[in-house]
Amino acid sequence: MSYSAILPAVVLLPMFGAGLVVPLSKVSNRARAMGITIVVGITTALVALLIPGVLNGEVYEQRLFQMTPTIWMSLRVDALGELFAITAGLLWLLALVFSFGYMADEERTNRYFAFLMLALTWTLGVALAGNLLSFLVFYELFSILTYPLVVHEQTPEAMAAGTKYIIYIIIGGGLVLLAIMGTYFLAGAQEFGGSAFLTAELDRTSLLAVFWCFIAGFGVKAALMPLHGWVPDAHPAAPAPFSAVLSGIMVAAGSFGILRVLFYVYGIELLKELGVAMPLSWIAAFTILAAAILAIPQDNLKRRLAYSTISQMGYVIFGASLLSVSSITGSLVHIANHAFMKGTLFFCAGILIKRAGIHNVSEMAGIAKRHPITMGVFTLTSLSMIGTPPLSGFTSKWYLGIGILDAEQPWYLVILLGGALLAAVYLLPIVYAAYFKEPAPIVRDLPEIEGRLEAPATMLGVVLVGAAITIILGIFAWAPGLPLSLAKLAAETLP
Amino acid sequence: MEVVDIRPLLAPLLSLFCGILVFAVGERTWWRRFWSLSAAVVKLALVYSMLPGVLDGKIYSYSLIEFTPGIGLAFRVDALGMFFAIVSSSLWLITTVYAIGYMEQEHERARFFGFFALCVSTTVGIAFAENLLTLFLFYEMLTICTYPLVVHEETPEAMKAGRKYLVYTLLGGVFVLLGCAVTFQWAGTLSLSTAGILPASVGKQGLSLLFAAFVIGFGVKAAIMPLHGWLPSAMVAPAPVSALLHAVAVVKAGAFGIMRVVFCVFGVELLRDLGITVWLAALASVTIVLASIIAMTQDNFKRRLAYSTISQLSYIVLGVALLTPLAALGAIVHIANQAFQKITMFFVAGAIQRTTGRTNIHELGGIGYQMPFTMGAFTVAALGFIGVPLTAGFITKWYLSLGAMEAENGWVFVVVLITSSILNAGYWLPVVYMAFFKVPPGTHLHIKEAHWTLLIPTLICAVYVILLGSFAEVPGMPLSLARTAVEFFFGL
C-alpha cells in the first residue's frame, strides 16, 4: 500500500479537529479535551507511520490541486520534512495536554484550542510542502493565523506584543514572497527533491538578491539577529503552552525555510560558488553569542528563555551554513532536540506561573522545595541545553563540533563553546537560586501544598515526558527512527 | 469562430425591459422584488448560456444598426467581455438580494430599484460592445443611471456628492468621445474585434496625445489619481450602491475601458513601440501607494473602503500598462478578485450600519462578539487584500508580480506591489483587531447578526474569495476566461 494517499489526511486532520472544538465544548470541556487530543494523537501516529518508509529511502508525494498551469499544491515527505513533522506532532500533543491544565481558568478557550489545532495543520503543511509555492501557502497562513494565540491573554502587553509580531511577520512574509517569485521567475516551477532549482548559469546579481531576500524574510521568523525583535515580546505575552510551540516549532519553521532554501533551492555547489555561506555563518555566530549575552540580564523567566531560543536557533543556521555533512546533521537534529528541550522549559515556566504566580527569575529563589519535580526537570533540561552529555543537547553540539572540524574552521569551535558557556551563565543561576538561595518573599508567602501534587497530573505528566524525551534523545540518539537517523539521512541525501 | 447570435443583444435588452417594469409597478413591493430579481436572473442566465461557447473559442456577435458605414451599434462577446459580464452579473444578483434587505425602510424604492436594474443593463452593454461607439454610449448611460442612486438619500451632502460625480464622469466622457472621433479619423473603424486598429504611421506625438485622452476619459471612473476625487465623496450613497460603484460596475467600467483601449484600439505591439505606457504604470504605482497611505488615516469605514478601491483599481491599470502577458492576466483576473473582496467589505459595512448604526472604525470595538459571521467574512476579505495565499488576492499578486518581472525594470513594480500588500495589512488588520481583540471589558459572545438577506450575500461573497484563490485553475473559473483573452491580445 502506498502511504502517499494519507498525506492530505495528515495535514487536514487537525483542521477537522479545529472544527470539532466548538460543537464538543457544548457537550463538556472533557469531551472537547478528549476529542482534540485523539485527533492530534491520530495525526502524530500517522506521521510516525511514515518514518520506516522514509528511512528506507522512500519518498511519498501527493498532489492536491492546481494553483497555476505549472504549479500544483503538493505534499511530499522526505527525511528533512519528516523530521520537522514528527517533532511538531509530538510537541503539539504535549502542548495540547498541558493546555488542559493551564487553560482551565482562562477565558476564550474555544478560540485558543481551535486556533491551536489550525496552527498544527499549517505547521504540518510547512513540513510536508512539496514545492516553494505550497510552502509559502502554509507558511503565510501559519504566520498570520497564530496571531489570536499570541494575544490570547488580551492584556495591554499581549496586545502590544501581538502588534509587533504581526508587523514583523507580515514584512518578513512579503520578503519571502518576493524571493519565491524571484525563484519562479528565474527557474520556473520545480518540486523539492530533484536537483537544486537554481544554477550558476543564471544572472549572479539576481541570484544574490533573491538569496538575501530569502534570508531576510525567513530570518524574521527564525529570529536571526537583528530581525529578532518580536521574539522576546511574544513569548512572555503568550500562554505558556503556546510559548513552548512558538519557540520549539514556530521559530524553527523560519530555520526550516532557510534550510529548504539553502539545500533545495540553491544547493551546496551554488552556495560555495556564490560565497554566501560564509557571511551567513557570521550572522548566525553573532546571533548565537549576542542573544545569549542579552539573555543573562533578563529577569522575566520566559523572556530569558526567548533569548535562549534566539541563540539556539542561531546554531541551526550556523551548522547549516558550514555546508559539511556532519554540521548539517547537527543542525537538523538540533531542531528536534531544541524543540523538546525548550518546550519542556516553557512547560516548567507555565507550572510556576499557574501554581505559584511566579513570572520572574528573582522570585524563584527557594522554589525547588515547593516544586521539586518541576525544578528537577528544569535542571535536567537546562543541563541538556548547555550541552552536558549524555543528554540530547550534547548530541547536537557533538555533530556541530565535528562539522566545524570537517569544514576546517576550527576557530569556530570558540563560538560553539562560547554559546554553551553563556547558556550555563543564563540558565544555571536560576537552578542555583531555586535550590540553594533563601526563599524569596513571594515564595515564603505561598500556601503549603499538603498531600497533593505540585501541579495537576496532566501538566506534571507532560513535564516528565519532556524530560524523558530529553534523556532518550541523548542516550539512545543512535536508535533508528529517532531524529538523529532522519537528520543523518537528510544530510546525506541532499540534492 | 464568429457566430451571429441574438443573445449578446438580448442580455442588455431584457434587463432593460425588466428595469422599466420595475418603474411601472411602482410601490407594489412584491412585484418590484419580482422584476428586480428577474432582471438579474435573466441576465445571468443569458450570460452563462454563452460561457461554454466562449470557452470553446466561439465569439458571438450581433449587429443592431449601422448609422453610416463603419459606425453603428453592435454587440460582440469575446473572452474579455464575457469575463466582465460574468463578474458583474453574478455580483448583481447577490447585490440585488442584499439591496432588497437593506432598502427595506427607505423611501423612493421604485426609483432606486428601477435605476438599479437599468445599471445592470448598461454594464452588460459595456461588456459586450463591439465598437468604441457602443461602448461610449453605454458608458455614458451608466453615468446617468447611477446618478439617482448616488443622491438617493437627497441630503445636501448627497446632492453635493452627486454633482461632483456628474461633473467628473461627464467631463471624462467628453475625453472618451474626443478619443473615439480621432480614432475613427485615423483608423477608419471603431471596431474592438481585433488586437489593435490604429496604424503606426500616424506618428508618435499624435498617438501619445490620443492615448492620454483615453486614459483621462476612462481614468476618471477607474479613479486613477488625481482623477479620483468623486469616489470618496460618493460614499454618502446607501451601501448596495457603494458596492455597485466600487465592485460591480462603475469603476470596473473605467478599468475595462482602459483595457479595451490598450488591447483592442492601440494593441500591445504599437504601445510597446510608443513606450508611453510606462508613464501610466508610474501613475498607477503612485496611486496604489498614495491611496493606501490615505486609507490608513480614514476613520470612517466607508471612506477607508473608498481609498482602498482607488488603490486596488490601479493594480488593474498597472497590470495593463506593463504590457506583458502575465501582468495582463493578473490585471484581468483582478477585476473579479477585487470585486468579490470589496463587495464583501461593503456588505459588512452596510450590515454593521443597519444593525448597530456604527459607521466609524474606532466604534467597532468588540463587534466580532456580536456579529461573528459578518466579521469573519470581513476577515477573509481583509486577508484577500493582503494577498494571503488561498485567497483571491494572492492570485492577482502572483501573476502581476511575475508579469512585472518580465517587464523592463519591473522589479520596481514588484516592490510597489509588495509594499502595497503590507500597507493593506496596515489598514485592514486594525479593523479585525478592533472587532475581535480590542474588546471592551465585560463583553461576552452575544450573537445578534444582521437580517439574513444581508448576511447570506456577505457569506457567499466571502466563500467566493476563497474559491477564487484556491481553485483558480478549475476550468470555467474567471482565470480561464482571462487566459483566453490574454492569448488573443498577445497573439500567443
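The values are calculated or read from the model by the stated rules, or taken from the named source; none is laboratory data. Everything numeric here is computed off the predicted structure, so don't read it as measured data. Every residue, glycine among them, receives a Cβ derived from its backbone with ideal geometry; neighbour counts consider all protein chains shown.
For B:Pro441, indicate whether it is without any contact (Cβ under 8 Å) to a residue 60 or more places away in the chain and within 11 Å of chain A (Cβ to nearest Cβ).
Yes, satisfied.
Evaluate the following for A:Tyr307: is it closer than 20 Å to A:Met364 by Cα and surrounded by 23 or more Cβ atoms within 10 Å (Cβ to Cβ)?
Working: closer than 20 Å to A:Met364 by Cα: yes; surrounded by 23 or more Cβ atoms within 10 Å (Cβ to Cβ): yes.
In short, yes.
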Filtered residues of the range A:146-162 (kept if farther than 19 Å from B:Pro389 by Cα, more than 8 Å from chain B (Cβ to nearest Cβ) and free of Cβ contacts under 8 Å to residues at least 24 places away in the same chain): A:Pro156
Hits in the range A:198-231 (condition: over 13 Å from A:Gly314 (Cα atoms) and part of a loop (DSSP other than H, G, I, E, B)): A:Leu198, A:Thr199, A:Ala200, A:Glu201, A:Leu202, A:Asp203, A:Gly229
Listing of helices (runs of 4 or more DSSP H) fully contained in the range A:381-463 that carry 1 or more residues being surrounded by 21 or more Cβ atoms within 10 Å (Cβ to Cβ), within 19 Å of the chain's Cα centre (by Cα) and touching a residue at least 60 places away in the same chain (Cβ under 8 Å): A:392-406, A:413-436
Residues satisfying the stated conditions in the range A:258-273, i.e. out of contact with any Leu (no Cβ under 6 Å at 6 or more places or on another chain) and hydroxyl-bearing (Ser, Thr, Tyr): A:Tyr264
Only listed residue being modelled with pLDDT of 85 or more and either within 14 Å of another protein chain (Cβ to nearest Cβ) or out of contact with any Leu (no Cβ under 7 Å at 6 or more places or on another chain) (or both), chosen from B:Leu459, B:Leu454: B:Leu459
Of all residues in the range A:166-178 being of a type outside the set (Val, Ile, Thr) and facing chain B (nearest Cβ under 7 Å), the one that is surrounded by the most Cβ atoms within 10 Å (Cβ to Cβ): A:Leu177
Members of the range B:404-414 found to be at the interface with another protein chain (Cβ under 10 Å from one of its Cβ atoms) and either surrounded by 24 or more Cβ atoms within 10 Å (Cβ to Cβ) or assigned to a loop (DSSP other than H, G, I, E, B) (or both), listed by number: B:Ala404, B:Gly410
Flag for B:Ala382 being crowded, with 22+ Cβ neighbours inside 10 Å, within 12 Å of another protein chain (Cβ to nearest Cβ) and in a helix (DSSP H, G or I): yes
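In the range B:333-346, is there at least one residue being over 21 Å from B:Ala404 (Cβ atoms) and among the hydroxyl-bearing types (Ser, Thr, Tyr)? Give the derivation first.
So in the range B:333-346, the residues over 21 Å from B:Ala404 (Cβ atoms) come out as B:339-340, B:342-346.
Filter again for among the hydroxyl-bearing types (Ser, Thr, Tyr), leaving B:344.
Yes: the range B:333-346 contains one or more residues that are over 21 Å from B:Ala404 (Cβ atoms) and among the hydroxyl-bearing types (Ser, Thr, Tyr).
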Among (1) of a type in the set (S, T, N, Q); (2) more than 21 Å from the chain's Cα centre (by Cα); (3) within 14 Å of chain B (Cβ to nearest Cβ) - the single one A:Gln190 does not satisfy: (3)
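From the list B:Met434, B:Met477, which residue is within 13 Å of chain A (Cβ to nearest Cβ) and without any contact (Cβ under 8 Å) to a residue 24 or more places away in the chain?
Selected residue: B:Met477, the only one of B:Met434, B:Met477 that is within 13 Å of chain A (Cβ to nearest Cβ) and without any contact (Cβ under 8 Å) to a residue 24 or more places away in the chain.
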Count of the range B:461-489 residues which are aromatic (Phe, Trp, Tyr) and not in a helix (DSSP H, G or I): 1
Matching entry among B:Ala249, B:Ala291 (being farther than 25 Å from B:Ile86 by Cβ, within 20 Å of the chain's Cα centre (by Cα) and buried (at least 20 other Cβ atoms within 10 Å of the Cβ)): B:Ala291
Sole exception among (1) in contact (Cβ under 8 Å) with a residue 40 or more places away in the chain; (2) at the interface with chain B (Cβ under 9 Å from one of its Cβ atoms); (3) within 17 Å of B:Val415 (Cα to Cα) for A:Met181, by number: (1)
Selection from the range B:391-403 of residues that are within 9 Å of chain A (Cβ to nearest Cβ), hydrophobic (A, V, I, L, M, F, W, C) and crowded, with 24+ Cβ neighbours inside 10 Å: B:Phe394, B:Ile395, B:Trp398
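Select, from B:Phe218, B:Phe211, the only residue that is farther than 18 Å from B:Glu130 by Cα and crowded, with 21+ Cβ neighbours inside 10 Å.
B:Phe211
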Lone unmet requirement of (1) exposed (fewer than 14 other Cβ atoms within 10 Å of the Cβ); (2) in contact (Cβ under 8 Å) with a residue 60 or more places away in the chain for A:Ile36: (1)
Some residue of the range B:415-429 being more than 27 Å from B:Met259 (Cβ to Cβ), out of contact with any Cys (no Cβ under 6 Å at 6 or more places or on another chain) and outside any helix (DSSP H, G or I): no
Wholly within the range B:1-113, strands (runs of 3 or more DSSP E) carrying at least 2 residues that are crowded, with 22+ Cβ neighbours inside 10 Å and touching a Phe, Trp or Tyr at 6+ places or on another chain (Cβ under 7 Å): B:71-77
Pairs where the first residue, in the range B:1-29, is on the phi > 0 side of the Ramachandran plot and of a type in the set (Lys, Arg) and the second is part of a loop (DSSP other than H, G, I, E, B) and surrounded by fewer than 18 Cβ atoms within 10 Å (Cβ to Cβ), C-beta under 7 Å, 6+ apart: none
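Yes/no per residue for (1) of a type in the set (A, V, I, L, M, F, W, C); (2) out of contact with any His (no Cβ under 6 Å at 6 or more places or on another chain); (3) under 26 Å from B:Leu467 (Cα atoms):
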{"residue": "B:Thr277", "(1), (2), (3)": "no, yes, no"}
{"residue": "B:Leu280", "(1), (2), (3)": "yes, yes, no"}
{"residue": "B:Arg304", "(1), (2), (3)": "no, yes, yes"}
{"residue": "B:Gly330", "(1), (2), (3)": "no, yes, yes"}
{"residue": "B:Asn337", "(1), (2), (3)": "no, yes, yes"}
Residue among B:Leu364, B:Leu429 that alone is at pLDDT below 90, over 30 Å from B:Ile276 (Cβ atoms) and within 14 Å of another protein chain (Cβ to nearest Cβ): B:Leu429
